[in-house]
1. Output the residues belonging to the stretch 296-313 that are open to solvent by 40 Å² or more (accessible area, probe 1.4 Å) and modelled with pLDDT of 90 or more.
2. Take the residues of the stretch 179-198 that are open to solvent by less than 60 Å² (accessible area, probe 1.4 Å) and in contact (Cβ under 8 Å) with a residue 60 or more places away in the chain: which is nearest to the chain's Cα centre (by Cα)?
3. If you take the residues of the stretch 317-335 that are more than 21 Å from the chain's Cα centre (by Cα), of a type in the set (A, V, I, L, M, F, W, C) and surrounded by 21 or more Cβ atoms within 10 Å (Cβ to Cβ), which of them is farthest from Trp384 (Cα to Cα)?
4. Which of the following residues is at pLDDT 90 or above and not charged (D, E, K, R): Phe316, Phe375?
5. Let me spell it out: the conditions are (1) more than 30 Å from Leu33 (Cα to Cα); (2) open to solvent by 30 Å² or more (accessible area, probe 1.4 Å); (3) modelled with pLDDT of 80 or more, and Ala212 meets all of them except one. Which number is the exception?
6. Return the residues of the stretch 111-142 that are part of a helix (DSSP H, G or I), closer than 20 Å to Ala219 by Cα and out of contact with any Gly (no Cβ under 7 Å at 6 or more places or on another chain); say none if nothing qualifies.
7. Could you check Val345 against (1) of a type in the set (A, V, I, L, M, F, W, C); (2) outside any helix (DSSP H, G or I); (3) surrounded by fewer than 16 Cβ atoms within 10 Å (Cβ to Cβ) and say which number it fails?
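The values are calculated or read from the model by the stated rules, or taken from the named source; none is laboratory data. Note that the coordinates shown come from a computational prediction; the quantities given were computed from them, not determined experimentally. Note that each Cβ is placed from the backbone with ideal geometry, even for glycine, and that neighbours are counted across all protein chains shown. Surface accessibility is based on the protein's heavy atoms, side chains included, excluding ligands, DNA and RNA. Shrake-Rupley method; radii C 1.70, N 1.55, O 1.52, S 1.80 Å.
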Amino acid sequence: MPLLALLALALTRSTGIDGLAKPLGKWPALIFLIVVQVTIGPLFATPRTATVSYAVGIAPHIPTHSQSLVLFIYTALFFGLSYLAMVNESKITDLIGKYLNPLFLILLAIIFILAFIHPMGAAKTASVTSAYKSQAFPNGFLEGYNTMDGLGASIFGVAIITALREMGIKERKTEAFATIRSGLIGMSGIALIYVGLIWLGATSRHHFSLAANGGTTLAQVAHFYLGTAGDILLALLTILACITTGMGLVSAFSQDFHRLFPKVSYKNFLRLSCGISFLIANLGLDSIIKWSLPILVFLYPLMIALILLGILSPLFKRQVLLYRLTICLTLIPAYFDLVKALPPVLSQTGGAQELINFANHYLPLYPIGFAWLPFTLTGLILSWLIVKLPISK
């Protein structure tokens, strides 16, 4: 999904999500950009970078009665450092690319090597959870929403496209192929990391029960192999991984909003992003995940539809009708998905249950979370046929 997002940006010559959604109209494109940026920015993804690293690396070693205070101090330091690092935009690439990311990869490689030398068990004999016995692909695909990779690529991808243009690659077709080649290299590396984590999780089932999240499993694996040293290693790993992501998110948010509203300085948007992220992070990881899921299941179908439209754009020259009809149809199942994913206090109300029951009966693939697929394809096909009709000319 991130690779397809990069390709869509390259083919449409877009400078951001608003450029990708431009055929929808100025205001719909602007609204979509703001909603996505706020979602992967200060409301959900950015505070989660602090709470995840705290929950995995710090919280297990703090007494229950001190958790709130230590979280407050940790998130203050986390976003204070993020602000200081990103206030000078010229140092972003050097700081993240040359130092922090390589260190993160080295720390992660240590755990992988130890696990492969002395595996905890055979992955093929690990018990399979019920959700993955009959609907493995739908569950895995929908779990991928939580990574926000597809949304993130549409924001960070602009930096990659810009770098290619600065290297002298100007022609759209050449730019698209360069994006695919560089993207395949980067995403192949990420794929190896995911495969390693999947393998760690599967083999850990021989020693540990199913955990609430992957962070807990990784903590158990690190402690299994290295004891206290493993706890320290994992704390460093998660903090480095999360703070590099957090720095990129607050910077991307501030750059995009400064571009949209130039009267407000980049530094002021940076302060706003770090401040809001700090406040929301102190609500805790569980609350952030609980309230972010409905927004993600609503946004992702729309993002996927925009990515597909962007990739197909050379075939139909970004026809306005094609964009608007496809997105409008995709909005229907996306809304029903949002209702279903609401926290129980809202999703179990009478009105919400009526909408969910209606969708279960009348929307194809809704029970497995893919109701958007037939609607999106229908929009693409219908609008394409309309555009091709002689009367439309």
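1. To start, the set of residues in the stretch 296-313 that are open to solvent by 40 Å² or more (accessible area, probe 1.4 Å) comprises 298, 308, 311-312.
Within the stretch 296-313, Phe298, Leu308 meet the criteria.
2. Of the residues in the stretch 179-198, the ones open to solvent by less than 60 Å² (accessible area, probe 1.4 Å) are 179-180, 182-183, 186-187, 189, 191, 193, 196.
Subset that is in contact (Cβ under 8 Å) with a residue 60 or more places away in the chain: 179-180, 183, 187, 193, 196.
Details: Thr179: 19, Ile180: 20, Gly183: 16, Met187: 14, Ile193: 16, Gly196: 19 Å.
The qualifying residue nearest to the chain's Cα centre (by Cα) is Met187.
3. So, considering only residues that are more than 21 Å from the chain's Cα centre (by Cα), of a type in the set (A, V, I, L, M, F, W, C) and surrounded by 21 or more Cβ atoms within 10 Å (Cβ to Cβ), the one farthest from Trp384 (Cα to Cα) is Leu329.
4. Phe375
5. Among (1) more than 30 Å from Leu33 (Cα to Cα); (2) open to solvent by 30 Å² or more (accessible area, probe 1.4 Å); (3) modelled with pLDDT of 80 or more, Ala212 violates only (3).
6. Ile111, Ile113, Leu114, Ala115, Phe116, Ile117, Ala123
7. (2)
Per-residue answers, yes or no, for (1) modelled with pLDDT of 85 or more; (2) over 18 Å from Tyr300 (Cα atoms):
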| residue | (1), (2) |
| --- | --- |
| Leu4 | yes, no |
| Thr12 | no, yes |
| Ile34 | yes, no |
| Gln37 | yes, no |
| Leu43 | yes, no |
| Thr51 | yes, yes |
